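The values are calculated or read from the model by the stated rules, or taken from the named source; none is laboratory data. As the structure is a prediction and not an experimental result, all values here were calculated from the model. Note that we place each Cβ from the backbone using ideal geometry, even for glycine, and neighbour counts take in every protein chain shown.
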Amino acid sequence: MDDRTKRRLFVGFATTLVSKAASTVIQLAQVPVLMHYWGATTYGVWLLLTGIPTYLSFSNAGFGQVAGNEMTMLMARKEQDAALGVFQSCWWWITLVMGIMGAAMSVALWKLPMGRLFNINTISEHDISWALFWLGLSVLFVQLELLLQSAYRCIARYSYGNFLKSGLSLAAFGAQLVPVVMGYGPRTTAMVYALANITVTLILCVMVKRDIPWISYGWKYSSFKEIKRLTRPSLAFMGFPLGNALNIQGSQMAVNYAMGAHAVAVFGTARTVSRLALQAVEMVKNTVWPELSIAFGAGNMEVVRTLHRRACQIALLMSLSVVVIVALFGPTFLHKWTLGKVPSSPGLVGLLLVVVVFYSLWSTSSTLVAAINLHERLATVYSFATGITVVVTYFAAKKYGLFGAAGSLLLSELIMDAYVLPASLKISGDTWGGFMGAMLHYPQSLRPGALRARLRRRTEEVEVELEERGAEEIGSEK
């Protein structure tokens, strides 16, 4: 890899760290606040309400992510007009789908008894419908945000896009907490949350146009042919939000049907604590994703292999390190974090941490497949694995309680590990021997002793430079 790529990776990792820190702050702050003002049962209801609309996230058929990959590979080949054509085509398509899905959602919420359907009986049907409307509207607008961030990704300024989105997300979260503290319930909180996120999307629209002059929101370069070409990989991308929804919200719904809303609060908060280790994995993934698209678009397979190997190596090492820390301090933190309303549950947290370790390897490796739009089979396998796991989670929770629910989550991770790694090695032209050898080998430059030596040499160089500047200044004064 050249120095420019390494510099982008370093800056990208730093801003991704800020982004993940922001999301961690949001996760950690909302639980004690909502637990304090609402109690465990209403908080469990809020988890269910926020989870249901996430299924709308695959309504845009993945055009935002696919467009980002395609635009990045096109810009790596200096094809700016083609990249603008992808942006404009996907912009109008996503806007059209948002309108259709928003209308369909409104009719469904008006006609169907949502509380009875989702086994929620602690707040009124009226409040449930309105909360779901506002939360669903927020999810729909996120689809445009993905496309807007892709514009920064295609010009290798993804680090700036991540930093900008993190700041805006923190502001939206702060706005969401205001009605909670003022004594309002889920309905009003959902409305404020949605309005704040819509405002974030509008701000991003203005920022993208200001920062990337060649991006425009017209239709001069858009075409139905472009939409048709991207439809198949975009439809395949639906499997990821669907699989994520099944993995997180689906498992929570399974626990809810098997054990009730209070059990969801215990399961959901314990899982949130365990998933702190996933932040390390996501940082690595988000950092290398654009660079994999750039390297593959330019045909540089050596860089593709190096990025894939190092990403898997670093993600596994970081996740194991965080898992150890969470295993030691997580249970106590869980009890205090929830203001004593959730037991420390060391066994439950431990089981969920085992799931995280198996997740870290396949998830990082899958970035290569997804970053170059060769993800169709991957998305299908992921949806199948998480769908099967939701069914198993219900029966496991029914028979063995929350320990059974936590243990059942291993099923999807094992299925994905068995599929993803061979697929990624085939794409990158790598071998099992080369990959495993790279996983066990750390470059001399990354070892602690070498890092200390480099720092010491750099400190000495700076001292010499300062002495020379001081001597020059004294000479000039004379």
Pairs where the first residue, in segment 331-353, is within 22 Å of I26 (Cα to Cα) and the second is outside any loop (DSSP other than H, G, I, E, B) and polar (S, T, N, Q), C-beta under 8 Å, 6+ apart: L334/T269; W337/T269; T338/T269; V342/T269; S344/T332; V349/S274; L352/S274; L353/S274
Unmet requirement for V206, which otherwise passes all of (1) of a type outside the set (D, E); (2) farther than 15 Å from W93 by Cα; (3) not in a helix (DSSP H, G or I): (3)
Residue tally, condition more than 11 Å from W38 (Cβ to Cβ) and under 25 Å from the mean Cα position of the chain (by Cα), over segment 179-191: 2
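Do the conditions hold for W130, that is, is it more than 30 Å from A261 (Cβ to Cβ) and part of a helix (DSSP H, G or I)?
Values: more than 30 Å from A261 (Cβ to Cβ): no; part of a helix (DSSP H, G or I): yes.
No: the conditions fail for W130.
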Subset tally (residues that are aromatic (F, W, Y) and buried (at least 23 other Cβ atoms within 10 Å of the Cβ)) for segment 221-270: 2
Residue that is nearest to L49 (Cα to Cα), among those in segment 105-127 that are surrounded by 14 or more Cβ atoms within 10 Å (Cβ to Cβ) and among the small types (G, A, S): G115
Residue count for segment 272-282, restricted to those that are touching a Leu at 6+ places or on another chain (Cβ under 8 Å) and surrounded by fewer than 22 Cβ atoms within 10 Å (Cβ to Cβ): 1
Answer from L421, L352, L361, L368 - the residue that is within 19 Å of A258 (Cα to Cα) and either touching a Leu at 6+ places or on another chain (Cβ under 8 Å) or of a type in the set (S, T, N, Q) (or both): L352
Selected residue (criterion: nearest to L348 (Cα to Cα)) from residues of segment 396-409 that are surrounded by fewer than 18 Cβ atoms within 10 Å (Cβ to Cβ) and either free of Cβ contacts under 8 Å to residues at least 60 places away in the same chain or in contact with a strand residue (DSSP E or B) (Cβ under 7 Å, 6 or more places away or on another chain) (or both): F403
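Report whether or not A172 is over 16 Å from the mean Cα position of the chain (by Cα) and buried (at least 22 other Cβ atoms within 10 Å of the Cβ). Give the derivation first.
Working: over 16 Å from the mean Cα position of the chain (by Cα): yes; buried (at least 22 other Cβ atoms within 10 Å of the Cβ): no.
Judged against the criteria, A172 is not a match.
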Index of the failed condition, D430 passing every other in (1) over 24 Å from the mean Cα position of the chain (by Cα); (2) modelled with pLDDT of 55 or more; (3) assigned to a helix (DSSP H, G or I): (3)
One residue from R310, R275 being in a helix (DSSP H, G or I), of a type in the set (D, E, K, R) and under 18 Å from the mean Cα position of the chain (by Cα): R275
Only one of T364, T393, T389 that is modelled with pLDDT of 90 or more, closer than 27 Å to M283 by Cβ and not in a loop (DSSP other than H, G, I, E, B): T389
Residue in segment 372-380 that is surrounded by fewer than 23 Cβ atoms within 10 Å (Cβ to Cβ), of a type outside the set (F, W, Y) and touching a Leu at 6+ places or on another chain (Cβ under 8 Å) present: yes
Selection count where residues are outside any helix (DSSP H, G or I) and farther than 30 Å from K6 by Cα, scope segment 156-193: 4
Residues of segment 81-97 that turn out to be within 15 Å of V208 (Cβ to Cβ) and either under 21 Å from the mean Cα position of the chain (by Cα) or not β-branched (V, I, T) (or both), as a count: 7
